[in-house]
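Input: a single structure, listed below in structure tokens.
The values are calculated or read from the model by the stated rules, or taken from the named source; none is laboratory data. Model, not experiment: these values are computed from the prediction. A quick note on method: Cβ atoms are made from the backbone with ideal geometry, for glycine too, and the neighbour counts reach across all protein chains shown. The accessibility values were calculated without ligands, DNA or RNA, using every heavy atom of the protein model including side chains. Shrake-Rupley method; radii C 1.70, N 1.55, O 1.52, S 1.80 Å.
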Amino acid sequence: MHDTHDAGAGPSEGVATELPNVGVRLVQVFTAPSALFDRLKERPVWIGAVVTIIVIGLVVQAFIPEQLVREMLLARLPGDASPDQVRATEQAAGVANVMRWVGTVAFPPVFFAVLAGFLLLIYNVLMGGEAAFKQLYSISAHANLIGAVARLRSSSCTASRRTPISSGQSADSSPFRWCWPGIPSRPYCRFTCWCRGSIRKRTGTDS
């Protein structure tokens with residue numbers, strides 16, 4: 001299936017600038033980004049890229065169990081936290097577990113719109129360019145396929161190495177001590193910190 005009608009172009013233009021399906025474009029964004037983006041300028045399709053990013057995001061969220069989110073938030077509480085604080089944190093964890101799924105679906109389209117609008121302002125107004133909003137939206141969506149794949153890779157690494165924080169275990173002794181927990185937008189940080197933690201544990205350098 002080819003993503004050829006997103007931009008609303010006429011049939012003749014569609015034939016001249018027909019793009020491969022989103023799977024092929026996902027490969028091209030790594031192997032031939034300049035050629036891909038040049039074609040996207042002529043036919044700025046975007047639906048397939050946005051849907052792919054959302055699907056990858058949902059897969060990433062599936063690697064993160066609800067219990068892990070709860071334990072992460074509880075680990076931030078002080079040792080003398082009151083029962084009310086613990087209950088409030090557990091309620092917040094429930095909300096966080098719902099919102100991360102909602103955000104995974106709702107955030108990408110809105111983010112790309114804001115990003116495209118910002119680029120439109122910079123490129124057209126300040127630099128005198130002639131880019132269309134749809135072109136910038138399409139390019140932004142396809143460029144972010146790289147980050148989506150990186151998050152998928154890091155989440156699979158995390159899933160194979162993580163150890164949930166058990167009751168009574170401090171945050172300093174958890175695997176999260178080597179990274180900034182709860183920030184999935186830092187895929188390389190998460191990948192590095194988990195692998196570093198695994199190496200330290202296996203080499204006996206964990207203090």
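Once the stretch 124-135 is narrowed to residues that are within 16 Å of residue 37 (Cα to Cα) and not hydrophobic (A, V, I, L, M, F, W, C), the residue that is surrounded by the most Cβ atoms within 10 Å (Cβ to Cβ) is 135.
Is it fair to say residue 102 is touching a residue at least 40 places away in the same chain (Cβ under 8 Å) and open to solvent by less than 80 Å² (accessible area, probe 1.4 Å)? It is false that residue 102 is touching a residue at least 40 places away in the same chain (Cβ under 8 Å) and open to solvent by less than 80 Å² (accessible area, probe 1.4 Å).
Yes or no: residue 13 modelled with pLDDT under 85, farther than 15 Å from residue 148 by Cβ and surrounded by 13 or more Cβ atoms within 10 Å (Cβ to Cβ)?
yes
Against the test of being buried (at least 17 other Cβ atoms within 10 Å of the Cβ), among the acidic types (Asp, Glu) and touching a residue at least 12 places away in the same chain (Cβ under 8 Å), the options 66, 71 yield a single qualifying residue, 71. Cβ separations smaller than 9 Å between residues 6+ apart or across chains give the following pairs from the stretch 29-58 residues that are more than 16 Å from residue 113 (Cα to Cα) and assigned to a loop (DSSP other than H, G, I, E, B) to residues that are open to solvent by 80 Å² or more (accessible area, probe 1.4 Å) and among the hydrophobic types (A, V, I, L, M, F, W, C): 43/16.
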